[in-house]
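One structure is given below, encoded as structure tokens.
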Amino acid sequence: MDLSGTHAADENTARPAAVKAAARRLLVERGAGGLTPDAVYRAGSLTVTEVESAFLYGTTC
């Protein structure tokens, strides 16, 4: 995902939006069984780090 020419605030919203869009596409095309982090980064032309950064780890409910 090319973010050249964007501001930091744009990156903060663009990456999660790209991850969500890729995940939604996969969910429709493959169902829940095809929705894995690896599939999301491949479908969205993202890096693993970009996909992982869209999720909060280590938080408890």
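One table, with the values for the structure above:
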| item | result |
| --- | --- |
| Extreme residue, modelled with the lowest pLDDT, among residues of the stretch 11-25 that are open to solvent by less than 70 Å² (accessible area, probe 1.4 Å) and out of contact with any helix residue (DSSP H, G or I) (no Cβ under 7 Å at 6 or more places or on another chain) | Glu11 |
| Any pair with Cβ under 9 angstrom, 6 or more apart, that starts in the stretch 28-52 at a residue that is on the phi > 0 side of the Ramachandran plot and ends at one that is open to solvent by less than 60 Å² (accessible area, probe 1.4 Å) | Ser45/Ala18; Ser45/Ala22 |
| Selection status of Glu52, modelled with pLDDT under 90 and part of a helix (DSSP H, G or I) | yes |
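The values are calculated or read from the model by the stated rules, or taken from the named source; none is laboratory data. It should be emphasised that the depicted structure is a prediction, and the values quoted were computed from it without experimental measurement. All Cβ positions, even for glycine, are placed from backbone atoms using ideal geometry, and neighbour counts span all protein chains on display. Surface areas here come from the heavy atoms of the whole protein model, side chains and all, with no ligands, DNA or RNA. Shrake-Rupley method; radii C 1.70, N 1.55, O 1.52, S 1.80 Å.
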